[in-house]
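Enquirer: Take a look at the following structure, please.
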Amino acid sequence: MNKINTHKSDLIDELKEQSIYKIKLKALLEKIYIDSPPLAYIHSFGCQQNISDAEKIKGFLAEIGYGFTDIQDDSDLIIYNTCAVRENAEARVYGNIGELKHLKAAKENLVIGICGCMAQQQSVADKIKSTYPQVDMVFGTFVFHKLPEMLYNVLAERIRVFDLKEDNHEILEGLSTVREDKIKAYVPVMYGCNNFCTYCIVPYVRGRERSRKPDEIIKEVTQLVKDGYKEITLLGQNVNSYSYGFSGLLRSVNEISGNFRIRFVSSHPKDATKELIDTIIECEKICKHLHLPFQAGSNRILNQMNRKYTIEDYYDIIDYARGKKSDFSFSSDIIVGFPGETFEEFLQTVEVIKKVKFDNLYTFVYSKRSGTKAENLPDNIPQAEKGKWLRELILIQREVVTENFKRFLNKTVTVLVEGEGKTDSTYLTGKNDENIIVEFKGHHSLIGEFVNVKITKIKNWALFGEIINN
Ligand code: 5AD
Ligand code: SF4
């Protein structure tokens with residue numbers, strides 16, 4: 001069981017306080033913005049969890065009376081919801097913050113906030129405090145519910161707010177959410193991570209694991225399906241350690257009536273059980289695809305990463321799934337150039353790719369994160385060399401995918417239509433069960449529907465085909 005640091009009464013008090021701030025802030029905004037409501041621009045970097053958090057932030061803002069815009073220059077409130085997983089994500093945020101200086105100078109009441117994983121780090125908050133005076137609010141991943149107070153302090157008191165309070169409090173349920181998408185919905189099932197992989201900053205910025213109660217999740221998914229959502233993705237840093245049992249949760253979600261499909265991310269191989277594979281195979285709404293990051297092919301490196309499985313354990317899961325369903329689809333995350341990784345060890349990663357034949361890979365060059373254990377490991381491979389390894393790996397994966405996707409030729413796949421084709425607007429685009437992009441000619445009225453597509457061509461990591469019997 002995971003440990004929850006519960007301060008229920010503190011939380012109730014905090015929420016009461018926030019509702020008072022909400023009233024004060026609303027009145028203040030009505031005075032400042034007489035003709036039309038203020039507009040907020042929220043930009044999320046990084047993973048699906050961040051997109052989901054941004055939907056909650058928008059929920060708070062909508063309750064206060066904000067409208068939303070996609071045009072940064074038109075907005076009265078800019079929030080960057082940041083990612084800290086790799087250094088280049090952080091560099092991009094600093095670049096964007098720098099560019100806001102002129103906008104801030106030109107607009108008297110513009111409020112700029114930086115939140116999320118990057119903002120949760122004290123060193124980042126300190127840097128923003130001293131170097132970027134245009135930023136009014138810096139807040140981490142635990143205090144979204146305090147937005148009314150933070151905004152009030154910035155707008156009424158004209159003070160800068162820095163709130164990195166780390167509070168593994170009970171999960172706030174029943175928050176309003178403004179969702180980006182009308183077809184696909186993210187539903188967090190747990191927050192935080194207890195694993196402390198030695199390269200990873202996540203446990204430091206998102207705290208310990210906390211699971212939502214199954215009935216809250218079922219209630220939310222049931223409503224989403226009633227609202228017409230066709231794809232539900234259950235979210236967590238490691239959904240397999242969901243403390244009320246993940247397979248059971250999947251089975252309950254599968255029982256919700258309606259025409260929708262279920263995905264989930266992310267899974268940790270050390271917790272991915274045969275029971276999980278059986279559940280995926282037995283539940284008709286769950287996509288027969290598992291995102292199972294193996295990170296590296298060498299057991300020495302896996303040990304250094306503190307991943308707690310061997311590559312043989314990993315193959316066991318793959319073999320079990322493919323033994324039950326030969327075309328069971330896998331995707332993975334890979335880190336190239338972990339400190340001390342040799343070229344021979346990198347080749348072991350390549351071997352896994354060739355053996356498992358993933359339908360999709362998310363590949364990264366190792367990025368040193370301050371405060372993690374790997375930070376202090378000796379690292380003598382030059383960055384340029386690691387870049388070369390990564391490019392080599394991507395080339396090999398391209399060959400694997402081209403070969404792999406041949407299994408779909410002349411077969412009919414079910415596609416959830418997401419929108420217009422990227423290059424040709426007479427085409428529609430969507431994903432099949434295996435999460436592979438499928439493009440085909442079709443009418444716009446099909447957006448948001450499941451259709452059957454017969455695959456005729458493979459091109460550039462995608463499938464092309466023709467709609468049948470729709
Ligand atoms: N450097 C490079 N990649 C990283 N990831 C996490 N931390 C780092 C890091 N320091 C990758 C892992 C993880 C994915 C979400 O990001 O592959 O699975
Ligand atoms: Fe990071 Fe490992 Fe936790 Fe994933 S399981 S969030 S890689 S520490």
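Enquirer: Taking a Cβ-Cβ separation under 4.7 Å as the criterion for a possible partner, which cysteines of the chain have none?
Expert: When partners are defined as cysteine Cβ atoms under 4.7 Å apart, the chain leaves 47, 83, 115, 117, 193, 283, 287 without one.
Enquirer: Tell me, what HN-Hα J-couplings in whole Hz come from the Karplus equation 6.51 cos²θ - 1.76 cosθ + 1.60 at θ = phi - 60° for each residue of the range 252-257, using x for Gly and Pro?
Expert: For the range 252-257, the Karplus-derived couplings read 5, 5, 4, 7, 5, 7 Hz, x marking Gly and Pro.
Enquirer: I've got another one for you. Could you give me D for the range 409-468, from Stokes-Einstein at 20 °C and 1.002 mPa s, where the hydrodynamic radius is the Kirkwood radius over C-alpha pairs? Units µm² s⁻¹, please.
Expert: After rounding, the answer is 197 µm²/s.
Enquirer: Around residue 257, under 13 Å between beta carbons, what's the net of Lys plus Arg minus Asp minus Glu among the other residues? It would help to have the intermediate numbers written out before the result.
Expert: Working: positive: 226, 285; negative: 255, 284.
Local net charge: 0.
Enquirer: On a full-extension model of 0.36 nm per residue, what is the gain between residue 325 and residue 88, subtracting their alpha-carbon distance, rounded to one decimal in nm?
Expert: The residue 325-residue 88 span can extend by a further 81.4 nm.
Enquirer: Which order results if 328, 60 are arranged by neighbouring Cβ count within 10 Å, fewest first?
Expert: Working: 328 18, 60 21.
Starting with the residue having the fewest Cβ neighbours, the order is 328, 60.
Enquirer: Run the quick spin-label model on residue 392 and residue 226: label points 7 Å from Cα toward the beta carbon, then report their separation in nm to one decimal.
Expert: The modelled label-to-label distance comes out at 5.7 nm.
Enquirer: Okay, moving on. Taking 7 Å along the Cα-to-C-beta vector as the label spot, tell me the residue 380-residue 288 distance in nanometres, rounded to one decimal.
Expert: 4.9 nm
Enquirer: Could you give me the percent of Cα pairs per 20 Å distance bin for the chain, shortest bin first, beginning at zero and ending with the bin that holds the maximum distance?
Expert: Result returned by the calculation: 22, 54, 23, 0.
Enquirer: Run down the lysines and flag those whose C-alpha is under 23 Å from the C-alpha of residue 127, throwing out any fewer than 8 positions away in its chain.
Expert: 101, 104, 146, 165, 368, 373
Enquirer: Run lengths n ≥ 4 of DSSP H only: what is the helix-derived mean residue ellipticity at 222 nm for the chain, with -39500 (n - 2.57) per run over all residues, to the nearest 500?
Expert: Values: 14 runs with 175 residues, N = 470.
That comes out to -11500 deg cm²/dmol.
Enquirer: Another question, if that's okay. Say each of residue 425 and residue 443 gets a label point 7 Å from the Cα, pointing the same way as Cα to Cβ; how far apart are those two points in nm?
Expert: 1.8 nm
Enquirer: How do 241, 44 line up, fewest other C-beta atoms within 10 Å first?
Expert: On the way: 241 19, 44 22.
If I rank by nearby Cβ atoms, fewest first, I get 241, 44.
Enquirer: Next question, about the same structure. Can you sort 31, 26, 274, 56 from fewest to most other Cβ atoms within 10 Å of each residue's own Cβ?
Expert: Fewest-to-most ranking of 31, 26, 274, 56: 31, 274, 26, 56.
Enquirer: Could you sort out which of 107/129; 324/355; 354/431; 213/325 sit more than 22 Å apart by Cα distance in this structure?
Expert: 354/431; 213/325
Enquirer: Follow-up. Quote the Stokes-Einstein diffusion coefficient, in whole µm² s⁻¹, for the range 178-329, based on the Kirkwood radius over alpha carbon pairs, a temperature of 20 °C and a viscosity of 1.002 mPa s.
Expert: The Stokes-Einstein estimate is 131 µm²/s.
Read-outs throughout are calculated quantities, based only on the coordinates presented, and are distinct from any laboratory measurement. It should be emphasised that the depicted structure is a prediction, and the values quoted were computed from it without experimental measurement. Heads up, the Cβs are rebuilt from the backbone with ideal geometry, glycines too, and the neighbour counts pull from every protein chain shown.
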